[in-house]
Amino acid sequence: MSERAAQDWPQLFANLAASSRDPRLRAFYGAGCVAADTPLESVPLVALDVETTGLDPRENAIVSLGLVPLSLQRIRCSEARYWVVKPTGELNAESVTFHHITHSDIRHAPRLASVLDELLEALAGKVVVAHYRNIERSFLDQAVRQYLGEGLIFPIIDTMELEARLHPKRTVSWWDRLRGREPISIRLADSRLRYGLPLYSAHHALTDALACGELLQAQVARHYPAHTPVGALWS
């Protein structure tokens with residue numbers, strides 16, 4: 001499905017609510033999606049992060065998910081959710097080094113299929129906020145395809161993409177490097193530092209979701225009026 005075809009999210013959700021075979025997906029899409037001209041200040045948001053065993057959704061799997069509902073003014077920590085799930089494949093040493101989820105952590109963890117109902121319910125009716133949307137979108141789509149036989153698609157405000165828009169010329173020449181100028185990083189931690197936000201431990205799904213939500217609040221406060229239509233930021 002092309003990005004262009006996916007821009008009318010409310011109509012796409014209506015179509016998918018009518019065509020999805022699984023009742024959980026029908027309920028998810030049936031909850032609807034805000035119109036593109038809805039002001040950011042009126043949009044229900046949920047920051048989402050997934051940690052995985054690698055970067056390829058066809059070969060790797062999700063090991064944890066964290067989500068935190070928010071608005072432009074408030075982080076709803078009391079409604080945050082975090083799951084460790086048993087991946088379909090084996091953990092490898094490299095992934096354990098990143099997210100610190102070990103074999104003992106997943107030994108008695110549920111499969112992702114067991115938490116899909118709660119996950120879809122928590123995401124329903126909200127616009128997702130993520131840092132580098134390709135991971136959350138592709139891994140969840142692949143996982144839902146595996147368990148439900150149908151894919152999952154939803155709008156995302158990508159805080160990494162917003163930073164990329166603000167810093168289109170991020171590379172520097174060798175001469176600039178000699179003079180001590182470094183390339184601009186749009187990684188989550190580096191982006192947060194530009195807004196005076198504190199450093200958090202990286203690669204924990206719940207912490208990264210919180211960090212991403214706070215980053216969006218800071219980005220909007222500095223660069224976008226609260227009445228900016230959500231369609232200007234999502235994809």
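For the reader, a short list of remarks on this structure follows.
- Residues in segment 72-88 that are open to solvent by 20 Å² or more (accessible area, probe 1.4 Å), touching a strand residue (DSSP E or B) at 6+ places or on another chain (Cβ under 7 Å) and part of a loop (DSSP other than H, G, I, E, B): 2 in all.
- Positions within segment 42-60 being in a loop (DSSP other than H, G, I, E, B) and open to solvent by 10 Å² or more (accessible area, probe 1.4 Å), in sequence order: Pro44, Thr53, Gly54, Leu55, Asp56, Pro57, Arg58, Glu59, Asn60
- Filter pass, Ile157 being closer than 30 Å to Leu16 by Cα, open to solvent by less than 40 Å² (accessible area, probe 1.4 Å) and not small (Gly, Ala, Ser): yes
- Considering residues of segment 1-41 that are in contact with a strand residue (DSSP E or B) (Cβ under 8 Å, 6 or more places away or on another chain) and not hydroxyl-bearing (Ser, Thr, Tyr) only, the residue surrounded by the fewest Cβ atoms within 10 Å (Cβ to Cβ): Asp37
- If you check Ser191, Ser235, Ser138 for being touching an Asp or Glu at 6+ places or on another chain (Cβ under 6 Å) and hydroxyl-bearing (Ser, Thr, Tyr), only one passes: Ser191.
- Where helices (runs of 4 or more DSSP H) fall wholly inside segment 121-235, the ranges with 2 or more residues that are out of contact with any helix residue (DSSP H, G or I) (no Cβ under 8 Å at 6 or more places or on another chain) and closer than 21 Å to Val34 by Cα are 133-148, 205-223.
- Candidates in segment 51-77 are the residues that are of a type in the set (D, E, K, R) and touching a helix residue (DSSP H, G or I) at 6+ places or on another chain (Cβ under 8 Å); of these, the one that is farthest from Pro225 (Cα to Cα) is Arg58.
- Near pairs, Cβ below 8 angstrom, 6+ apart or cross-chain, from segment 9-30 (assigned to a loop (DSSP other than H, G, I, E, B)) to any residue that is of a type outside the set (Asp, Glu): Ser20/Arg26; Ser20/Tyr29; Arg21/Gly149; Asp22/Leu148; Asp22/Gly149
- The set of residues from segment 123-154 being closer than 15 Å to Ser64 by Cβ and either of a type in the set (Gly, Ala, Ser) or open to solvent by less than 10 Å² (accessible area, probe 1.4 Å) (or both) comprises Ala130, Glu136, Phe139, Leu140, Ala143.
The values are calculated or read from the model by the stated rules, or taken from the named source; none is laboratory data. This structure is a prediction, so every number in the text was calculated from the model and none was measured. Because the Cβ atoms are built from the backbone with ideal geometry, glycine has one as well, and the counts that use them run over all protein chains shown. Keep in mind that these areas ignore ligands, DNA and RNA; they rest on the heavy atoms of the full protein, side chains included. Shrake-Rupley method; radii C 1.70, N 1.55, O 1.52, S 1.80 Å.
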